[in-house]
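Asker: Can you keep this structure in mind? I'll have questions shortly.
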Amino acid sequence: MWKCNVCGYIHNGTEAPEVCPKCGAASDKFAKLTEEQETLITKSSRTNDLHMELCQLMDSIILLSEEGMEINLDPGCVSTFKKAKEQAEIIKNIAKAEIAGHVGKGKW
Ligand SMILES: [Zn+2]
């Protein structure tokens, strides 16, 4: 694995790419990751994907809740959807903070 020292893009391959797909930096801006760094990335990949999927699910709950509040069938419904939306926003922010923490520790 290789990391672009300009933008942080991680490339999987035996050699650095000719050009960084994200920022356009030349291949000499890439540094080869150590085995330890590669292990961290490999071990955390699936968990980071799960956190991102959790964020998407929370977005669905937020949209669903907003529709339920807009329909406004009765106060019990509105209260339930309001709580669901609030909890989904909290869970989404927790998952995002977790991903940010992982990236900060080299767990991309
Ligand atoms: Zn780059």
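Asker: Which lysines, if any, have their Cα less than 19 Å from the Cα of K82, not counting same-chain residues under 8 positions apart?
Answerer: The reachable lysines, counting only those whose Cα sits under 19 Å from K82, are K92.
Asker: Hey, any idea what the orientation-averaged projected area of the convex hull of region 1-43's Cα atoms comes to, in nm²?
Answerer: 2.7
Asker: Local charge sum around V78 (other residues, Cβ-Cβ under 15 Å, Lys/Arg +1, Asp/Glu -1)?
Answerer: Values: positive: K82, K83, K85; negative: E66, E67, E70, D74, E86.
Net charge around V78: -2.
Asker: Now a separate question. Using a cut-off of 17 Å between alpha-carbon atoms, which lysines can reach K96, once sequence neighbours fewer than 8 places away in the same chain are excluded?
Answerer: Partners found: K85, K105, K107.
Asker: Kindly express, to the nearest 10 degrees and within the range 0 to 90, the angle between helix 75-104's C-alpha long axis and the longest C-alpha principal axis of the chain.
Answerer: Here the helix axis deviates by roughly 10 degrees.
Asker: Which of the aspartates and glutamates could a cross-linker span from K29 if the Cα-Cα distance has to be under 20 Å and same-chain partners fewer than 8 positions apart are dropped?
Answerer: E15, E18, E38
Asker: Determine, for M1, M52, the number of other Cβ atoms within 10 Å of each Cβ, and report the residues in order from fewest to most.
Answerer: The order, fewest Cβ neighbours first, is M52, M1.
Asker: Also, I was wondering about something else. Give me Rg/Rg_expected for the chain, where Rg uses Cα atoms only and Rg_expected = 2.2 N^0.38 Å with N residues.
Answerer: Values: Rg = 19.9 Å, N = 108, 2.2 N^0.38 = 13.0 Å.
Working it through for the chain, the quotient is 1.53.
Asker: At 10 °C and a viscosity of 1.306 mPa s, what translational diffusion coefficient does Stokes-Einstein give for region 35-87, taking Rh as the Kirkwood radius over Cα pairs? Give it in µm²/s as a whole number.
Answerer: Details: Rh = 13.0 Å.
Here the translational diffusion coefficient equals 122 µm²/s.
Asker: I want the local charge near Y9. Using Cβ-Cβ distances under 11 Å, sum +1 for each Lys or Arg and -1 for each Asp or Glu among the other residues. Show your work: numbers first, answer last.
Answerer: Values: positive: K3, K22, K29; negative: none.
Summing Lys/Arg as +1 and Asp/Glu as -1 gives +3.
Asker: Excluding K29 itself, what net charge comes from residues whose Cβ is under 13 Å from its Cβ, given Lys and Arg +1 and Asp and Glu -1? Please report the intermediate quantities before stating the final value.
Answerer: Working: positive: K3, K22, K32; negative: E18, D28.
Once all neighbours under 13 Å are counted, the net charge is +1.
Asker: Now for a different question. How far, in degrees from 0 to 90, does helix 35-71 lean away from the longest principal axis of the Cα atoms of the chain, to the nearest 10?
Answerer: 20
Asker: What do you get for GluC sites (Glu not before Pro) in region 17-99 restricted to DSSP loop and a cutoff of at most 12 other Cβ within 10 Å of the site's Cβ?
Answerer: E18
Asker: What's the longest uninterrupted piece of the chain once you rule out the trypsin sites (Lys or Arg not before Pro) that are loop residues per DSSP with at most 15 other Cβ within 10 Å? Don't skip to the answer; put the middle values down first.
Answerer: Details: sites that count: K22, K105.
Within the chain, the longest run free of exposed trypsin sites (Lys or Arg not before Pro) spans 23-104.
Asker: So what is the calculated 222 nm ellipticity per residue for the chain, using -39500 (n - 2.57) for each DSSP H run with n of 4 or more, over all residues, to the nearest 500 deg cm²/dmol?
Answerer: -22500 deg cm²/dmol, from helical runs alone.
Asker: Can you give the charge dipole size of the chain about its Cα centre, rounded to the nearest 20 debye, using +1 on the beta carbon of Lys and Arg and -1 on the beta carbon of Asp and Glu?
Answerer: With only Lys, Arg, Asp and Glu charged at Cβ, the dipole is about 340 debye.
We did not get these values from a lab; they are worked out from the coordinates using the rules stated. Because the structure is a prediction, the values reported are computed rather than measured. Heads up, the Cβs are rebuilt from the backbone with ideal geometry, glycines too, and the neighbour counts pull from every protein chain shown.
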